[in-house]
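*Asks:* A single structure is presented below for examination.
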Amino acid sequence: IAIAALLALPAWLVLDTPFATSVIAFEPGPGATFEPENILGAPAGGSLISQGGDTCSLGAGGMITTRFGSPARNGPGTDLVCCENPFYVIGTLDAFCEVAFVEVSTDGVHYARFPTRYSGTVGPFSTYAAMPPWWYAGFCGAMPVTQSGGDIQNPWDVAAGGGDAFDLADLQDDPLVLSGDVNLFSIQYVRLIDIATG
């Protein structure tokens, strides 16, 4: 999987930067390339039909954990946007998706995973198979990213700039949230885990 950037914090919370500020752990899988620091800061999106710039390839089954300078908080609507580098095949609505699980944590120890759903056909698929991005729900890496660096007007507007939106309220019934181990009003860490089988 190749991640361009992670965005966090709802628009109503004004801070110095809404982006991940440090990489806490990087466990690359087979085929990983590029530098993990590329995941930090604003996304370097391409277009609907071309992949983005600065990427961090996790490799098959790889994992990366980032930390925010200020915590993300559960608010109305989108609280977190993950920007990867999928793109559409010209003339189709199929994309080269590289999906990953998304997990969040308050303490860097306990991680709640966003619920996911896959509604497509059964694989196995080739490494470079393209498929409709709407087959994936709750994953990072399905939707292309078109916004880049200084061009970002509103990082939470995925309709305009792409990326995959996450609402922390979707985790309110997670056992770790119910136990108090994960506080949805103080998310410091985001972990992405590549799904090796696609």
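*Asks:* Determine, yes or no, whether residue 8 is of a type in the set (A, V, I, L, M), at pLDDT below 85 and under 19 Å from residue 136 (Cβ atoms).
*Replies:* Here the answer is no, as residue 8 does not meet what is asked.
*Asks:* Continuing with this model, one more query. Identify, by number, the condition in (1) touching a residue at least 40 places away in the same chain (Cβ under 8 Å); (2) touching an Asp or Glu at 6+ places or on another chain (Cβ under 9 Å); (3) open to solvent by 10 Å² or more (accessible area, probe 1.4 Å) that residue 132 doesn't meet.
*Replies:* (1)
*Asks:* Now for a different question. What number of residues within the stretch 162-198 are open to solvent by less than 40 Å² (accessible area, probe 1.4 Å), small (Gly, Ala, Ser) and over 21 Å from residue 119 (Cα atoms)?
*Replies:* Going through the stretch 162-198 one residue at a time, the tally reaches 2.
*Asks:* Another question, if that's okay. Consider only pairs whose beta carbons are under 9 Å apart and that are at least six residues apart or on different chains; among these, list those whose first residue lies in the stretch 175-187 and is more than 12 Å from residue 74 (Cα to Cα) and part of a loop (DSSP other than H, G, I, E, B) and whose second residue is open to solvent by 70 Å² or more (accessible area, probe 1.4 Å) and modelled with pLDDT of 95 or more.
*Replies:* Qualifying pairs under 9 Å: 181/109; 181/175.
*Asks:* Could I ask something else about it? Are any residues in the stretch 153-180 of a type in the set (Gly, Ala, Ser) and at pLDDT below 95, and if so, which ones? Give the steps one after another, and end with the answer.
*Replies:* As a first pass, look at the stretch 153-180 and keep what is of a type in the set (Gly, Ala, Ser): 159-163, 165, 169, 179-180.
Those that are of a type in the set (Gly, Ala, Ser) and at pLDDT below 95: 159, 160, 161, 162, 163, 165.
*Asks:* Being of a type in the set (Phe, Trp, Tyr) and either under 16 Å from residue 81 (Cα atoms) or at pLDDT below 70 (or both) is the filter here, so list the residues in the stretch 135-152 that pass it.
*Replies:* 136, 139
*Asks:* Criterion first (of a type in the set (Ser, Thr, Tyr), over 25 Å from residue 182 (Cα atoms) and in contact with a strand residue (DSSP E or B) (Cβ under 6 Å, 6 or more places away or on another chain)) does residue 111 satisfy it?
*Replies:* In short, no.
*Asks:* Okay, moving on. Would it be correct to say that residue 62 is in contact (Cβ under 8 Å) with a residue 12 or more places away in the chain, among the small types (Gly, Ala, Ser) and buried (at least 21 other Cβ atoms within 10 Å of the Cβ)?
*Replies:* Against the criterion (in contact (Cβ under 8 Å) with a residue 12 or more places away in the chain, among the small types (Gly, Ala, Ser) and buried (at least 21 other Cβ atoms within 10 Å of the Cβ)), residue 62 qualifies.
*Asks:* State whether one or more residues within the stretch 104-119 are open to solvent by less than 50 Å² (accessible area, probe 1.4 Å), part of a helix (DSSP H, G or I), modelled with pLDDT of 85 or more and in contact with a Phe, Trp or Tyr (Cβ under 7 Å, 6 or more places away or on another chain).
*Replies:* Taking every residue of the stretch 104-119 in turn, none turns out to be open to solvent by less than 50 Å² (accessible area, probe 1.4 Å), part of a helix (DSSP H, G or I), modelled with pLDDT of 85 or more and in contact with a Phe, Trp or Tyr (Cβ under 7 Å, 6 or more places away or on another chain).
The values are calculated or read from the model by the stated rules, or taken from the named source; none is laboratory data. Since the model is a prediction, treat every value here as computed from it, not as a measurement. Please note: Cβ atoms are built from the backbone with ideal geometry, for glycine as well, and neighbour counts cover all protein chains shown. These accessible areas exclude ligands, DNA and RNA; they are computed on the full protein's heavy atoms, side chains included. Shrake-Rupley method; radii C 1.70, N 1.55, O 1.52, S 1.80 Å.
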